[in-house]
Each structure stands twice: as C-alpha cells, then as structure tokens.
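Asker: Structure below; questions to follow.
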Amino acid sequence: MQKLNWGILSTAKIAVEKVIPGLLKSDDLAVRAIASRNLEKAGKVAEELNIPVAYDSYEALLSDPEIDVIYNPLPNHLHVEWTAKAIEAGKHVLCEKPLLLTVQDAEHLIKLRNKYNVKVGEAFMVKSHPQWQRAKAIIDSGLLGGIRLYQGTFSYFNADPQNIRNIANYGGGAMWDIGCYPVMTSRYLFGESPTRVIASLQIDEQFGTDVLSTVQMEFSSGIKAQFAVSTQAAAYQRVHVLGTEKELEIMIPFNAPTDQPTVLRVNSADILRKNEVEELLPPSDQYQLQAEDFCRAILENTSEPVTLEDARDHCRIIEAIFESNKKGTWINIQVP
Ligand SMILES: NC(=O)c1ccc[n+]([C@@H]2O[C@H](COP(=O)([O-])OP(=O)(O)OC[C@H]3O[C@@H](n4cnc5c(N)ncnc54)[C@H](OP(=O)(O)O)[C@@H]3O)[C@@H](O)[C@H]2O)c1
C-alpha cells in the first residue's frame, strides 16, 4: 500500500499526547512534518517524536509538496479557516471535532472539497474504535429488541481560564467539546438524526461557556436520547442503550485506554444484573485506527469515516441545542 505523508498543524496537546503516537504505530503512513507558530516548540516535539521536519509557520507546512494529509488540531474557532487553507493547498484534511461552529460554513468547505477533489473528515476517533462498531452490530442484530433509549454522560473538571475549552470566542464550552460525542455516536448507532431537541445549559459567569448541560433528543423512529456533559464535574463517562428486551452498556465509551481491553456489557431484563454478559475487546488505539481508516478512504477513493456532510448534521443539532436553551422550548431540526 502507498504510504501517505502526514503533516501536523500545531503542537496541540491532543496531537502530541494521543494522535501522533497513534500515527507512529501505523505502517500505513508516515509523519513527515509538524508546524508551530514557534519553531522551538515544533523542533522540540519533532525531536521527541522523531518527526523529520519542523516548521515555524502553518503556511510553511501547507507549502510542503511532500505532505499528502494535514491533521488539524487547532482551537475550534480556527478549524474552518485552516481546513480551507489546507484544501486550497491541495491537501487531504483530517480536522478535529467540532469541525464546524456554524452550519453556514459547511457549504463553503463542501464546495472547496469538491473543487480540489480531496478528502476532508471530522476526527471522531470513536467511530474507528471496535467497541462502537461492536455496539452498532449488537443493536443491528436485534439482540436488545426494539431500541428505546440512549443515555450518555461525559464529564471532567477543568476550570483553567487559559484552556481553550473555557474561552467562549474559541468555541469553548462543554457542548462543543464533549456534547458532540453523544450527538455523533447516537446518530451513528441508530443510523438516523434527531428531529427535535430540548436542552438546559448552565453558563459559567466568568467564562461565558456552558459547563453543565443536559439534552434530550427525539428520533423519528421513536428512539429517545438523553445526555449530560460537564467541564466542571468529576471525570466520568458511560453510555447505555436500552432496548425492549436488553440493555447495552459501554463502560469507557470515549477515551478507551490503549493498553487494556474495552468492556461492553449486555444485561437481560434483570434489575440485579444476574444475567449480565460481559464482552472484552482486545486493546486498540482509536487514533491509529482513525488515521488508517482515513488513509484507506483516500487511497481507495471511498467516503471519509466522518464526512463534511456528517459534520454539518452534528453542527445543526448542536446549534438547535443552543437555540433550545435560549428559548426554553423544543426545537425542530430540519434534516436535509
Ligand atoms: N479527539 C479527541 O480525543 C480530542 C481530545 C482533545 C481535544 N480535541 C480537539 O483538538 C483540538 C485541540 O485541543 P487541545 O486540547 O489539544 O488544544 P491545545 O493544547 O490548546 O492546542 C491548540 C494548539 O493550537 C495552536 N494555536 C493556534 N492559535 C492559537 C490560539 N489563538 N490560541 C491557542 N492555541 C493556538 C497552538 O499550537 P502552536 O503554539 O504550536 O502553534 C496550540 O498548541 C480542539 O479542537 C479539541 O476539540 C480532540
């Protein structure tokens, strides 16, 4: 298989700690270069992670003719601008979630993607993790019976005013940072988008961002979803899917560790969980798998794992969540 050369746009924490280590495990690609606004920072990461080239500007990275794919982990408010610049430089782009902060930006990027004939994906690494693929297979098999309810929680505590998650102008807040996961995964599991939402968001007075948010979503099939996300609560994450006959539990749904098996539990209609069946999946690195899935889409000219059209739907749902919080009512969502 042809090896694609990746370039990393900034020394973001997620890039340095998770995504580049995942890329480096793969035989299917090469990490060729990293750029930072500060050459010293880029050079330090390049040396530590054995990346051949360090650039002192994002523009220099985009001008490198050896680079095939740009990974964009900039703060949320810079995703569209730098994804557009990378496309115009003829690069494929895997951009961190949330790719969009407004639905309006979707059409511009879709046009650019089509014009330059490149692949552009939203980096929801969970979709590449075998535990989510197995969860979907269990649901599709009918084992749980008719699907009734998705219930999700995702939280951590971070009150650092310098952190991008706590800066409103950067697209900070719990909903954009982690609320996008229940939105994306419920849509993935059920193969449909919610048609209406209602939400209550607690806004932090200092940051102006949402820090404790609860959401209900309804799907046209009758499935309901409810989730809570917080940037100021104890670190916790869990997803349950309730069918008419059985319940599925994903124990560490979003940050599955790479060095231990992931756990799915299926529980029969039994309140004491005596009939619970535990499934262990071998350890895997969802960032490595995400990159390999994206390379395959490029090389085989198939659809990106999470497309720009998916990103537009995710954004449309999150916009409706903010609107619902503002108006205090259900908001209908027009699915294209
Ligand atoms: N998929 C996941 O598991 C996951 C997990 C965490 C975060 N994320 C996403 O990844 C992105 C980055 O998150 P992060 O926590 O890694 O962020 P971060 O550590 O704050 O990194 C952001 C980087 O962007 C660059 N940058 C350019 N302009 C900036 C500005 N005005 N202010 C601050 N930084 C600026 C900086 O790199 P240079 O100084 O090198 O130029 C900085 O290191 C976000 O979109 C987030 O949603 C995804």
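Asker: Could you pull out the residue among Arg238, Arg273 that is in contact with a strand residue (DSSP E or B) (Cβ under 6 Å, 6 or more places away or on another chain) and without any contact (Cβ under 8 Å) to a residue 40 or more places away in the chain?
Answerer: Going through Arg238, Arg273 in turn, the sole match is Arg273.
Asker: List, please: which pairs have Cβ atoms under 6 Å, are six or more places apart or on different chains, and start with a residue in the range 10-27 that is on the phi < 0 side of the Ramachandran plot and end with one that is within 8 Å of the ligand (Cβ to nearest atom) and open to solvent by 40 Å² or more (accessible area, probe 1.4 Å)?
Answerer: Thr11/Lys41
Asker: If you don't mind, there's one more thing I want to ask. Taking the condition in contact with a Gly (Cβ under 9 Å, 6 or more places away or on another chain) and over 24 Å from Pro305 (Cβ atoms), does Gly146 pass?
Answerer: Yes: the conditions hold for Gly146.
Asker: Now a separate question. More than 17 Å from Ala12 (Cβ to Cβ), buried (at least 20 other Cβ atoms within 10 Å of the Cβ), within 12 Å of the chain's Cα centre (by Cα) and at pLDDT 95 or above: does that describe Leu100?
Answerer: For Leu100, the condition - more than 17 Å from Ala12 (Cβ to Cβ), buried (at least 20 other Cβ atoms within 10 Å of the Cβ), within 12 Å of the chain's Cα centre (by Cα) and at pLDDT 95 or above - is met.
Asker: Residues in the range 53-75 that are of a type outside the set (A, V, I, L, M, F, W, C) and more than 13 Å from the ligand (Cβ to nearest atom): how many?
Answerer: Here the count works out to 5.
Asker: Could you list all residues from the range 1-52 that are more than 14 Å from the ligand (Cβ to nearest atom), within 23 Å of Leu78 (Cβ to Cβ) and not charged (D, E, K, R)?
Answerer: Result: Asn5, Trp6, Val31.
Asker: Another one. Which ones in the range 165-185 are open to solvent by 30 Å² or more (accessible area, probe 1.4 Å) and either more than 16 Å from the ligand (Cβ to nearest atom) or part of a helix (DSSP H, G or I) (or both)?
Answerer: Matches in the range 165-185: Arg165, Ala168, Asn169, Tyr170.
Asker: OK, next. Could you list, in sequence order, the residues of the range 253-270 that are in contact (Cβ under 8 Å) with a residue 12 or more places away in the chain and closer than 23 Å to Gly142 by Cα?
Answerer: Residues satisfying the conditions are Pro253, Thr262, Val263, Leu264, Arg265, Val266, Asn267, Ser268, Ala269.
The values are calculated or read from the model by the stated rules, or taken from the named source; none is laboratory data. As the structure is a prediction and not an experimental result, all values here were calculated from the model. FYI the Cβ positions are ideal-geometry reconstructions off the backbone, even for glycines, and counts take in every protein chain you see. Side chains included, ligands, DNA and RNA excluded: accessible areas come from the protein's heavy atoms. Shrake-Rupley method; radii C 1.70, N 1.55, O 1.52, S 1.80 Å.
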